[in-house]
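Just below is one structure, and these are the notes that go with it.
The values are calculated or read from the model by the stated rules, or taken from the named source; none is laboratory data. Remember, predicted model here, so these are calculated numbers, not experimental data. So basically every Cβ, Gly included, is an ideal-geometry build from the backbone, and we count neighbours across all protein chains shown.
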Amino acid sequence: MTQVEPESSGVFELLEAGLKFVFDLLLLAVVLTVIGFFIFADGLQRSQPEPRAADGIAVLTGGVARIDEAMKLLAQGNAKRLLITGVNRTTSTEALKQLASEGDQLFACCVDITRKRATPSTTRPRRANGWRNATTIPSSW
């Protein structure tokens, strides 16, 4: 006598093939997502905006790199003046000059220092200095 295979084994093979196909698609989606993330992250590092010319540069104290970057921009001619706001009462001009890797000679002519806790986003520093536009140095410049 011959044995007859039940038809349910064909259904299981079809189901197994379908599950394998779905798994392969999900694996491909994960791999493409990871590759896309790395391409995106790599692009973020290189896409730093070029500073535009402005009437002035406003920088809050609190980060050594902020003042250094602002002085570099001033030395490169990207602005006419620099406003450093929120300077501690005990911080001297000489201490601020030491934070600048270049352009420290511009302190005498082109740098204004306020000890007020003004924010560069307000219009007060801009109006007080006659600025129409300003570059603000954030902590992540």
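Data for the structure
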read-out: Selection count where residues are in contact with a strand residue (DSSP E or B) (Cβ under 8 Å, 6 or more places away or on another chain) and not in a loop (DSSP other than H, G, I, E, B), scope segment 71-110; value: 14
read-out: Test result for Ala29, within 19 Å of Thr135 (Cα to Cα), surrounded by 10 or more Cβ atoms within 10 Å (Cβ to Cβ) and either small (Gly, Ala, Ser) or at pLDDT 80 or above (or both); value: no
read-out: Failed criterion for Gln76 (all others in (1) at pLDDT 80 or above; (2) among the polar types (S, T, N, Q); (3) over 27 Å from the mean Cα position of the chain (by Cα) hold); value: (3)
read-out: Residue match in segment 33-46 (condition: closer than 16 Å to Ile137 by Cα and modelled with pLDDT under 85); value: no
read-out: Which listed residue, of Thr61, Thr90, is assigned by TED's automatic domain parsing to the domain that holds Arg132, polar (S, T, N, Q) and touching a Gly at 6+ places or on another chain (Cβ under 9 Å); value: Thr61
read-out: Members of segment 68-87 that are under 18 Å from Cys109 (Cβ atoms) and either touching a residue at least 60 places away in the same chain (Cβ under 8 Å) or not assigned by TED's automatic domain parsing to the domain that holds Ile113 (or both); value: Ala70, Leu73
